[in-house]
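The structure appears below as structure tokens.
Since every read-out is calculated from the coordinates, none of them should be taken as a lab result. Just so we're clear, the structure is a prediction, and the values are computed from it rather than from any experiment. So basically every Cβ, Gly included, is an ideal-geometry build from the backbone, and we count neighbours across all protein chains shown.
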Amino acid sequence: MKKDVGKNTVVYGLSTEGYQIASSLALRGFKVSLVDEAARMAITLKPEIARSYPNVSSLMEDEPLLALEPLDIAIKDASYLFFAPKIRKIGQEAKADSVIKLRDATRALNRDSSVIYCLPTGIGGNAENIALIEHITGLSVNRDFHYYYAPLTLSSQELMVGCVNSENNVELSKIMNHINSFKKLTTTDIASAEFVHAIKVLNFYSGTAGILEIFKQARNSKVNQEVYSPFTDVFLDDISNGLYDLRAISSSLTGAGPLMYLVNGTIKATEGYIKYVIDRIRNTLKDRELKASRIKVVVAWGLDVNEMRGDKIELMYSLESKLKDYIGDVELQYGTRVELYPSDKTMILIACSRNDLEDVKAKRNHVSDSIIMLANPACHIVG
């Protein structure tokens, strides 16, 4: 244990997931550097800083004075390199962005280092990553460095890690068990880790996409909330959680087989949900004889703007843009608790998660006239 604690650990990415890893290890005595990929500088994360700032948002807001060093110097001395950057591109551009950042993160990689890749990839994506690292460093996997695939998600307490060489599992498990967000850790080969992650993503989305499409067919029907409740206990926040993962799988597939149709059809169904929300609002205004000019829409979405995946943020701005094409007065409230103020307009409050729904319900008495819409498959209307 003392030997591991003495090793340098670098976390590349000023993301929620990256900070979670860095702070967990810092509190357990590891020497940790957290890389701001935009500034290409490494922050020395000491235990007292990790204790003072529970998440990366609080650290960035307070902007404390921290010890800094150039990225390449930090990477050169690292025994462990966690790759957890923020990706704000979409689709193929996201893949290109991740390649650029992986090149940046590993160009100074030293011998005997371990790279832990925390973004999800498509099928075969890790073979491409390993080839890239070998090309830019001149090192060989297993002989000169170790490589692991650990696709992190904010909501899961289980993690399956792919290893190129099973003999290194003990070393990896030892350090991963110091990261307190995981209750169950399983190690396997790289290909199995890719396949299992893809199965989990598709298992969730194939069912959800089917439910979304069915409710789009029922858009002109009266939706009985009690009858449909077993199928509607999922919100836009849940629906968009794995869009990055889906698109990564799609970009790794070739040909026009059933899997490609399944993945791309699921992506299309998820992206099409935004239009369905707009249609539901339009129908609600028509049924209640309300004019769009007398409506204010508040989108309540407590999403994390610092998580690695950027697809959820892109979906939020897409919702805002399409709402503004129909209703001019649109307000986004994200990342913090909802604040509602009196208005002479009727407010439509769109709750994008269960927590947002509870928050909106608690605050709606601050406005005289409001309608709550649940951003779930049925777009249930309350009030």
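Any of Lys322/Lys361; Lys286/Lys324; Lys89/Lys324; Lys86/Lys345; Lys76/Lys312; Lys184/Lys216 with alpha carbons more than 27 Å apart? Name them for me.
Details: Lys322/Lys361 25 Å; Lys286/Lys324 17 Å; Lys89/Lys324 23 Å; Lys86/Lys345 38 Å; Lys76/Lys312 34 Å; Lys184/Lys216 38 Å.
Pairs exceeding the cut-off: Lys86/Lys345; Lys76/Lys312; Lys184/Lys216.
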Quiz item: Picking from Leu315, Leu34, Leu185, which is most flexible by a Gaussian network model of the chain using Cα springs under 10 Å?
Solution: Leu185
Quiz item: Between Glu93 and Lys275, what length comes free when the chain is fully extended (0.36 nm per residue of separation minus the Cα-Cα distance, one decimal in nm)?
Solution: 63.1 nm
Practice problem: Could you list the GluC sites (Glu not before Pro) in region 185-290 that lie in coil according to DSSP, counting only those with at most 15 other Cβ atoms within 10 Å of their Cβ? | Solution: Glu289
Exercise. Translational diffusion coefficient, Stokes-Einstein: compute it for region 70-124 using the Kirkwood radius over C-alpha pairs as Rh, at 4 °C and 1.567 mPa s, and state it as an integer in µm² s⁻¹.
Key: 108
Quiz item: Viscosity 0.890 mPa s, temperature 25 °C: Stokes-Einstein D of the chain from its Kirkwood Cα radius, in µm² per second?
Solution: 109
Self-check item: Cβ-placed point charges (K, R +1; D, E -1), dipole of the chain about Cα centre in debye, nearest 20
Solution: 440
Self-check item: Anchor Lys46: aspartates and glutamates whose Cα lies under 20 Å away (excluding residues fewer than 8 positions away in-chain)
Solution: Asp4, Glu17, Asp36, Glu37, Glu61, Asp62, Glu63, Glu69, Asp72, Asp77
Self-check item: Alpha-carbon spread of region 296-378, three principal axes, descending order, Å
Solution: 38, 28, 25
Quiz prompt | Relative contact order of the chain, defined on C-alpha pairs under 8 angstrom at six or more residues apart (%) | solution = 14
Quiz item: Given springs between every Cα pair under 10 Å in a Gaussian network model of the chain, which of Thr254, Thr121, Thr266 has the largest fluctuation?
Solution: Thr254
Practice problem: Return the FRET efficiency for the residue pair Asp369, Lys322: r is the Cβ-Cβ distance, R0 is 41 Å, and the value is rounded to the nearest 0.05. | Solution: 0.95
Self-check item: Rounded to the nearest 20 debye, dipole of region 221-382 from Cβ charges on Lys, Arg, Asp, Glu
Solution: 500
Self-check item: Loop trypsin sites (Lys or Arg not before Pro), region 15-94 (other Cβ atoms within 10 Å of the site Cβ: 10 or fewer; DSSP)
Solution: none
Quiz item: Rounded to the nearest 0.05, what FRET efficiency do Leu66 and Thr254 have when you use their Cβ-Cβ distance and R0 = 41 Å?
Solution: 0.35
Quiz item: Can you put Ser370, Ser206 in order, fewest other beta carbons within 10 Å first?
Solution: Ser206, Ser370
Quiz prompt | Estimated distance in nm for a label pair at Thr336 and Asp287, the labels positioned 7 Å out from Cα along Cα-to-Cβ | solution = 3.4
Exercise. Report the charge-dipole magnitude of region 2-195 in Debye, nearest 20, computed about the Cα centre from +1 at each Lys and Arg Cβ and -1 at each Asp and Glu Cβ.
Key: 340
Exercise. Could you point to the residue in Pro230, Gly265, Ile281 farthest towards the positive end of region 215-312's charge dipole, with +1 and -1 charges on the Cβ of Lys/Arg and Asp/Glu respectively?
Key: Ile281
Quiz item: Taking a ≥ b ≥ c as the square roots of the eigenvalues of the Cα gyration tensor of region 2-195, is the shape rounded (a/c under 1.5), prolate (a/b larger than b/c) or oblate?
Solution: rounded
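Using only the Cα atoms, work out Rg/Rh for region 207-288, with Rh taken as the Kirkwood radius, to two decimals.
Here the Rg-to-Rh quotient is 1.04.
What is the percent of Cα-Cα separations in region 221-382 that go past 18 Å? All intermediate terms of the calculation are to be shown ahead of the outcome.
Numbers: 7985 of 13041 pairs.
More than 18 Å apart: 61 percent of the Cα pairs in region 221-382.
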